[in-house]
Amino acid sequence: MINLNVQMQVIGLVLALMIIIMNSTRKKIGLMADFSFELLSVSVAVSIIFDIWSVYTINKVNDRRISEDLNMFVCKTYIVSLTLVAAMAFFYTLTEIYGGAVLKRSGLFGYLLLEMLAIPAIYVLPLEFHVDVRSIYSYGYATDIGAAVGLVYLVLSCVYIVIFRKKIDHSRINAIAIFCLAMTIAAVFQNFNRIHLIASVTVAIGMVYIYLRLEDPSSYTDKDTETFNIKALVKYLDGIYSEGKQVSLMNLNLAGSRFFKDVYGDDVFHKLMKSLVTYLEGSKKRAVFNTEEMDFIIVFDGNASFENEVFAIRQDLMSLWSIDTIKVELNPTIITFPKENIPYTSADDVISTLRFFATEMKENGRKDYMVIGPNDIKEKEQKDLLENMLLEAMENNNIEVFYQPIYDLRTGKIFGAEALARVRNANGEFIVNDDIIPVAERSGIILRMGFRIFEGVCRFVSENPLKKLKIKKITVNLSSAQCIQRNFADDMIELMKMYDLDGSNFIFEITQSSVSLSKESLMRNLYRLSSYGVEIASDQFGKKMGGFEELTALPISMVKIDREVLRTCFSEDSGEMEKAGFALVALIKKMGKKVAAVGVEDEHMVDELKKVKVHYVQGRFMSDAVDEETFVKLCKGEVKKNEQG
């Protein structure tokens, strides 16, 4: 049995040494948690070594081959090492909670006072030994003190996990709790069963579990670029902010050179990425994190010359980059976030801010370089507030559908209406903000919001059949995010069927930005809707360059000319641009599409649009968007246009 116990202890030692070796060779971020794990793993290995040594000395002291003093020292040192393992487990728990500020904020030194008092007590108090054919162990006051101190630290670890569970990731709570629980069970078992010495191997297995769950390098590194990933970035920044330090950040996006992968293949592309990482990691003043393909966030040491570092990186990346015999333009997009402009002390807030402005640059066509300043932060906070208001409005059913009449310019009668969302705040007041739709799209709210709006439209049409209202169509705007959803068309058709409506009641409007996202998904959805009888309109036509390609590639039957084009080509001071407006309308009509003018502002514009024989007009000059009841009255002639209160 003694030989079996030694074998178990050796297995535990091998596991502990394996973890130490793997941990020493892995790429580390350099936080207090890394240091505390190293202390814990070394203390476990040392404890197992003294466990094995104590079995040897107890055996040999009976044969008088080893002095009693040496045996006593080894056995008591083993007991001390067990208390140190428990103390280091507690320290590791505290670093998960307090990060780099653990030495300042956790009261650690007060807790370690218990260990400092226990060590001399263990060496002073008596210790007895038991040896027979089946078992070998030590007992006495020294053992009791060691067990009590170890148990205190393990209980403290569990108590802190419970109290601060909201500050620790769920998986990390489980790993640490299981480790502490395993140690506690092993200690209790050992106290009642002295024959099987399982403490060492149990602790070693617990270390392996913690390493695989929490410290495994594969969970913190990107396998393609072999640098840190987004998970490591969150841990790194939270550790820095917990210490009260400040750092500057740079978001580097290389999506502009995405074609490189398609042209030269995966192998050459991976070489490119690795060479970039090697270059970016060339300075000890910065840490590099690959957050997604071709997107990096670089964190600069608080004492680094941030502007100079960024300038040098930008200059290098603007030059031709060489891979083997290939030279490529990287076309970098860079966003910098100087530490003096960062109002946050949370990794999530900082990363979400960088992502916010990265999206803004992409959507708004900003330049390839931006420095986030105080005014930019205010802009983001306002949009965040708007996003929260939208979420609250969704939860409280404070999103209503208004209808802006569309008039047939040939007859002067109402042809239909465009369904427009109106959002109320908590006070019941309408939110007037041009950013509502962009914010809803960026946050993903637009998917639920768009579905709810169309459901409201279907309900309205079901209760007020268009034939009875003597109108033809209700138009509904589609967002870019909706258009690329795989099952979008089927969901819309299912909604129409639920209200016993066919597609001929509706026109769905898309913008050019929708076309640029995912043509395959867009075309699948639009042709599916078209097969159900829904007409498709191109909205905001002329706002951006191009647009004629989509008129032939997609099942578009109507083109809605943007208000800016109307102002340029059909206002009183249009001059020669009027000819361009006439030519544009003529070309669209020649392609067999109906033409609607959106944003009509005055009588002169109406007269000009009549000359070019535009089919439909819409705008505040004709009628504002109105609620359901008022729109029904407009259609029935009970209220005249521009008299709707």
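The values are calculated or read from the model by the stated rules, or taken from the named source; none is laboratory data. In this text the structure is predicted, and so the values were computed from the model without any measurement. Glycine gets a Cβ as well: all are built from the backbone with ideal geometry, and neighbour counts include every protein chain shown. Quick note on the areas: whole protein, heavy atoms, side chains included, nothing else; ligands and nucleic acids left out. Shrake-Rupley method; radii C 1.70, N 1.55, O 1.52, S 1.80 Å.
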Looking at this structure, is Thr278 modelled with pLDDT of 85 or more, open to solvent by 60 Å² or more (accessible area, probe 1.4 Å), β-branched (Val, Ile, Thr) and out of contact with any helix residue (DSSP H, G or I) (no Cβ under 7 Å at 6 or more places or on another chain)? yes
From the list Thr325, Thr345, which one is in contact (Cβ under 8 Å) with a residue 60 or more places away in the chain, hydroxyl-bearing (Ser, Thr, Tyr) and surrounded by fewer than 18 Cβ atoms within 10 Å (Cβ to Cβ)? Thr345
Please go through segment 584-603 and give me each residue that is farther than 22 Å from Val534 by Cα and open to solvent by less than 60 Å² (accessible area, probe 1.4 Å), ordered by number. Leu584, Val585, Ala586, Gly599, Val600, Asp602
The condition of being out of contact with any strand residue (DSSP E or B) (no Cβ under 6 Å at 6 or more places or on another chain) and closer than 22 Å to Gln9 by Cβ holds, among Ala118, Ala101, Ala147, only for Ala147
Got a number for residues in segment 67-90 being under 21 Å from Val201 (Cα atoms) and of a type outside the set (Ser, Thr, Tyr)? 13
Just need a number here: residues in segment 454-475 that are touching a residue at least 60 places away in the same chain (Cβ under 8 Å) and either on the phi < 0 side of the Ramachandran plot or within 37 Å of the chain's Cα centre (by Cα) (or both). 7
The condition of being β-branched (Val, Ile, Thr), in contact (Cβ under 8 Å) with a residue 24 or more places away in the chain and touching a helix residue (DSSP H, G or I) at 6+ places or on another chain (Cβ under 7 Å) holds, among Val42, Val46, only for Val46
Of the residues that sit in segment 479-495 and are hydrophobic (A, V, I, L, M, F, W, C) and under 25 Å from the mean Cα position of the chain (by Cα), which one is nearest to Glu520 (Cα to Cα)? Ile484
Tell me, which residue of segment 471-498 that is charged (D, E, K, R) and either within 20 Å of Met558 (Cα to Cα) or not in a loop (DSSP other than H, G, I, E, B) (or both) is least open to solvent (accessible area, probe 1.4 Å)? Lys473
Identify, by number, the condition in (1) modelled with pLDDT of 75 or more; (2) touching a Pro at 6+ places or on another chain (Cβ under 8 Å) that Gly256 doesn't meet. (1)
Selection within segment 129-156 - assigned to a loop (DSSP other than H, G, I, E, B) and open to solvent by 50 Å² or more (accessible area, probe 1.4 Å): Asp132, Val133, Arg134
State whether the residues of segment 137-144 include one that is hydrophobic (A, V, I, L, M, F, W, C) and at pLDDT 80 or above. yes
Name the residues in segment 157-181 that are modelled with pLDDT of 75 or more and either under 30 Å from Phe129 (Cα atoms) or of a type in the set (Asp, Glu) (or both), would you? Phe179, Cys180, Leu181
Please go through segment 496-512 and give me each residue that is within 15 Å of Leu526 (Cα to Cα) and among the hydroxyl-bearing types (Ser, Thr, Tyr), ordered by number. Ser504, Thr511
List pairs: first in segment 373-392 and small (Gly, Ala, Ser), second open to solvent by less than 80 Å² (accessible area, probe 1.4 Å), Cβ under 8 Å, 6+ apart or cross-chain? Gly373/Asn341
Out of Ala596, Ala583, sole residue that is in a helix (DSSP H, G or I) and either charged (D, E, K, R) or on the phi < 0 side of the Ramachandran plot (or both): Ala583
Go through segment 423-444 residue by residue and tally those that are farther than 19 Å from Lys362 by Cβ and buried (at least 17 other Cβ atoms within 10 Å of the Cβ). 3
Does segment 393-428 hold any residues that are free of Cβ contacts under 8 Å to residues at least 40 places away in the same chain and either in contact with a Pro (Cβ under 7 Å, 6 or more places away or on another chain) or among the small types (Gly, Ala, Ser) (or both), and which are they? Ala393, Gly412, Ala421, Ala426, Gly428
All positions within segment 293-307 that are open to solvent by 20 Å² or more (accessible area, probe 1.4 Å) and modelled with pLDDT of 80 or more: Asp301, Ser305, Phe306, Glu307
Take Asp408 and decide whether it is surrounded by fewer than 18 Cβ atoms within 10 Å (Cβ to Cβ), acidic (Asp, Glu) and closer than 25 Å to Gln618 by Cα. yes
Filtered residue count, segment 212-236, keeping only those that are at pLDDT below 75 and within 18 Å of Ile168 (Cβ to Cβ): 6
Go through (1) assigned to a strand (DSSP E or B); (2) open to solvent by less than 50 Å² (accessible area, probe 1.4 Å); (3) not polar (S, T, N, Q) one by one and return the number of the condition Gly456 breaks. (1)
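Matching residues to (1) part of a strand (DSSP E or B); (2) of a type in the set (Phe, Trp, Tyr); (3) at pLDDT below 85:
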| position | (1), (2), (3) |
| --- | --- |
| Phe357 | no, yes, no |
| Lys367 | no, no, yes |
| Glu381 | no, no, no |
| Asp384 | no, no, no |
| Asn397 | no, no, no |
| Phe402 | yes, yes, no |
From the set of residues in segment 371-400 that are open to solvent by 20 Å² or more (accessible area, probe 1.4 Å) and aliphatic (A, V, I, L, M), which is farthest from Thr291 (Cα to Cα)? Ile399
Result of the Cβ filter at 9 Å on segment 589-604, keeping first residues that are closer than 12 Å to Met622 by Cα and partners that are surrounded by fewer than 16 Cβ atoms within 10 Å (Cβ to Cβ), at least 6 apart or interchain, is Gly599/Glu564; Gly599/Arg567; Gly599/Arg620; Val600/Arg620; Glu601/Arg567; Glu601/Arg620; Asp602/Glu572
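Name the residue that is modelled with the lowest pLDDT, counting only residues in segment 562-573 that are part of a loop (DSSP other than H, G, I, E, B) and farther than 18 Å from Leu409 by Cβ.
The residue in question is Glu572.
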